[in-house]
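**Student:** Below you'll find the structure I mean.
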Amino acid sequence: MVDGYSKFVEAGRIIASNLFLAGGHDMFIEVEGIPCRQVKEVITVNLCLGCPADEVKAMCKLTLLSRAGGIISSTQRFYTFSETDYYNKTEEMNISALLEDSFQIRCEVTVVKEITEARPPDLPRHLGGLLASQVAADATFQVGGELFAAHRCVLAVRSAVFMAELFGPGKVEIAAAAAPVRIDDVEPRVFQALLHFVYTDSFPEEEGGRFCVDEDDYDYDDKVAMARGLLAAADRFGVERLKLTCGDVLCNYIDARTAMDLRSILYSQYYG
């Protein structure tokens, strides 16, 4: 409440509110009584932090009310405070419609908190660990002379092709000690990357922490060859998300060779 504003103007005084708490920060407002103002229909209101703080972002709505509580005018603005800039965030309010020398100012402050980035889900990491440990693996694949152990239930839920191959009608239960399933026409490293993607939805890391497909410093020809091989494997085993991911990679290295691979993606997407 400002009672007898003209007297404050004549004295050149500043009227300060009590401290109030907003978002864990002490704040207050000031109304300036500046004599000989050129624009008498405007008052200056300052929003201030009670003490220095790290970056504080706040939305402030100021409403000018008559002494009886009727709304005269309002304004809203976004403010940013810091340790070195925490005082006198100025806003001007029009009082031309005010018919008396006393009024109220209602201040509504919403402090905007920074949104902490959510932790990545644990499931891909846990499934990747399961693949690496081979614990409870019940299927073995022979690819180019190398053996890869995996879990039929994981493969089946991620790929309709694996579902049909491993659990389709007439399929005999495959014991862990059964003969490996032979996979032809796929490089071992490509099949390994395929399995990693099936379990984790991501590309595996090569020695030195480099991703096998999407790192800029990886050899161009090798990257393209890997992406093309994964694209073919993803199409063969029905891993649709991997097909799209490989397509994105190949788009960054478009040439006559990769254009044909991208054409196959579009064709399979639209024509099955």
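**Student:** List every residue pair whose Cβ atoms lie under 6 Å apart, where the two residues are 6 or more positions apart in sequence or sit on different chains, the first residue falls within the range 88-116 and is closer than 14 Å to S17 by Cβ and open to solvent by less than 80 Å² (accessible area, probe 1.4 Å), and the second residue, located anywhere, is outside any strand (DSSP E or B) and at pLDDT 75 or above.
**Tutor:** Pairs found: Q104/M1.
**Student:** Which condition from (1) open to solvent by 70 Å² or more (accessible area, probe 1.4 Å); (2) in contact with a Ser or Thr (Cβ under 9 Å, 6 or more places away or on another chain); (3) closer than 27 Å to V56 by Cβ is the one that R119 breaks?
**Tutor:** (2) is the only condition that R119 fails.
**Student:** Same structure, new question: Looking at (1) open to solvent by 80 Å² or more (accessible area, probe 1.4 Å); (2) at pLDDT 95 or above, which is the one condition that is false for V198?
**Tutor:** (1)
**Student:** Still on this structure, I have one more. Show the residue pairs that are 6+ apart or on different chains and have beta-carbon atoms under 6 Å apart, the first residue being within the range 12-37 and closer than 15 Å to Y86 by Cβ and open to solvent by less than 30 Å² (accessible area, probe 1.4 Å), the second being of a type in the set (A, V, I, L, M) and modelled with pLDDT under 85.
**Tutor:** Going by the 6 Å Cβ cut-off, the qualifying pairs are E30/I14.
**Student:** Now for a separate question. What are the pairs with Cβ atoms under 7 angstrom where one residue, in the range 241-259, is at positive phi and modelled with pLDDT of 75 or more and the other, located anywhere, is surrounded by 13 or more Cβ atoms within 10 Å (Cβ to Cβ) and not aliphatic (A, V, I, L, M)? Sequence gap at least six, or different chains.
**Tutor:** Within 7 Å, no pair qualifies.
**Student:** Which of the residues spanning the range 147-161 are in a strand (DSSP E or B) and open to solvent by less than 90 Å² (accessible area, probe 1.4 Å)?
**Tutor:** Going residue by residue through the range 147-161, those that are in a strand (DSSP E or B) are 147-150.
Answer for the range 147-161, where residues must be in a strand (DSSP E or B) and open to solvent by less than 90 Å² (accessible area, probe 1.4 Å): F148, A149, A150.
**Student:** Of T84, T63, which residue is within 18 Å of M27 (Cα to Cα), under 39 Å from the mean Cα position of the chain (by Cα) and without any contact (Cβ under 8 Å) to a residue 40 or more places away in the chain? Show your work before the answer.
**Tutor:** Working: T63 fails: without any contact (Cβ under 8 Å) to a residue 40 or more places away in the chain.
Exactly one residue qualifies, and that residue is T84.
**Student:** Right, another one. Step by step: first the residues of the range 67-87, then only those that are hydroxyl-bearing (S, T, Y) and either out of contact with any strand residue (DSSP E or B) (no Cβ under 6 Å at 6 or more places or on another chain) or assigned to a loop (DSSP other than H, G, I, E, B) (or both), then the one that is surrounded by the fewest Cβ atoms within 10 Å (Cβ to Cβ). Which residue is that?
**Tutor:** Among them, the one singled out is T84.
**Student:** Within the range 122-138, restricting attention to residues that are part of a loop (DSSP other than H, G, I, E, B) and of a type outside the set (A, V, I, L, M), which residue is least open to solvent (accessible area, probe 1.4 Å)? Give the steps one after another, and end with the answer.
**Tutor:** Just the residues of the range 122-138 that are part of a loop (DSSP other than H, G, I, E, B), to begin with: 122, 134-138.
Of the ones still in play, those that are also of a type outside the set (A, V, I, L, M) are 122, 134, 138.
Details: D122: 61, Q134: 104, D138: 42 Å².
Checking each candidate, the answer is D138.
The values are calculated or read from the model by the stated rules, or taken from the named source; none is laboratory data. The structure presented is a predicted model; accordingly, all values stated were derived computationally and were not measured. Here Cβ is always computed from backbone atoms with ideal geometry, including for glycine, and neighbour counts include all displayed protein chains. Each accessible area value is taken on the protein alone, full model and side chains, heavy atoms only, with ligands, DNA and RNA left out. Shrake-Rupley method; radii C 1.70, N 1.55, O 1.52, S 1.80 Å.
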